Each structure stands twice: as C-alpha cells, then as structure tokens.
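What follows is one structure encoded as structure tokens, with my remarks underneath.
The values are calculated or read from the model by the stated rules, or taken from the named source; none is laboratory data. Everything numeric here is computed off the predicted structure, so don't read it as measured data. Every residue, glycine among them, receives a Cβ derived from its backbone with ideal geometry; neighbour counts consider all protein chains shown.
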C-alpha cells in the first residue's frame, strides 16, 4: 500500500504527531478492508492509542470483552455519543450477553 511506503520513506522527516496521525488513518483503512493482520501491525506502532483506536483494534481481533470495556469508558466521557452506545450493544451481542442488551436499549 502506498501509504505504508510513504510512512517508511519519510519516517525521519515526519514529526511524531504527523506519523501517529497517518498511522491512525491507516488503521481505519485496514478496518474498512477487514484486514486484521494489517491493523494489528499498524496498532503496534501507535505510541499512545486513543480509546477509539483501541476499540477498532479489539473488534478486529474479536476481543469483545476489551471492546466492551473501552466502549463503557467512552460512554463515561461522552454519555450522549450514539456511536458508543451502538458499539457497546454490538460488543454485548458478540459476547452473548443478551440480557444486558435489553437494559441498554
């Protein structure tokens, strides 16, 4: 992928923030392509992943318990954020916690 090559070619000239921003963008691309190995490799290079980036990584690796925990932490910070409610419900569904789904909806 060109973006990976670009990051490697300009690694020494990029600021840390620019590199991290590009890595996060590349992680989202791999997420949409449903490419867990690529996402895992990119995630390991992100120095301080945000909760949102951790959620993407956990879901890609089918670590639904960890994704649930991150979604709950996000909901503490942003209780009105619909995407975190949906993410929490999705995690609970994958974990088979159907009783908790009724409480969330």
query = Taking the condition outside the structural domain of residue 21 (by TED's automatic domain parsing), surrounded by fewer than 13 Cβ atoms within 10 Å (Cβ to Cβ) and in contact with a helix residue (DSSP H, G or I) (Cβ under 8 Å, 6 or more places away or on another chain), does residue 62 pass?
reply = yes
ask   = Which one of these does residue 70 not meet: (1) modelled with pLDDT under 90; (2) in contact with a helix residue (DSSP H, G or I) (Cβ under 9 Å, 6 or more places away or on another chain); (3) under 30 Å from residue 4 (Cα atoms)?
value = (1)
message = Just to be sure before I move on: is residue 42 within 28 Å of residue 18 (Cβ to Cβ), assigned by TED's automatic domain parsing to the domain that holds residue 18 and crowded, with 18+ Cβ neighbours inside 10 Å in the structure I sent?
response = yes
request  = Take region 77-103 and flag every residue that is modelled with pLDDT under 85 and surrounded by 12 or more Cβ atoms within 10 Å (Cβ to Cβ).
outcome  = 97, 100, 101
query = Are any residues in region 60-76 free of Cβ contacts under 8 Å to residues at least 12 places away in the same chain and either in a helix (DSSP H, G or I) or over 13 Å from the mean Cα position of the chain (by Cα) (or both), and if so, which ones?
reply = 69, 76
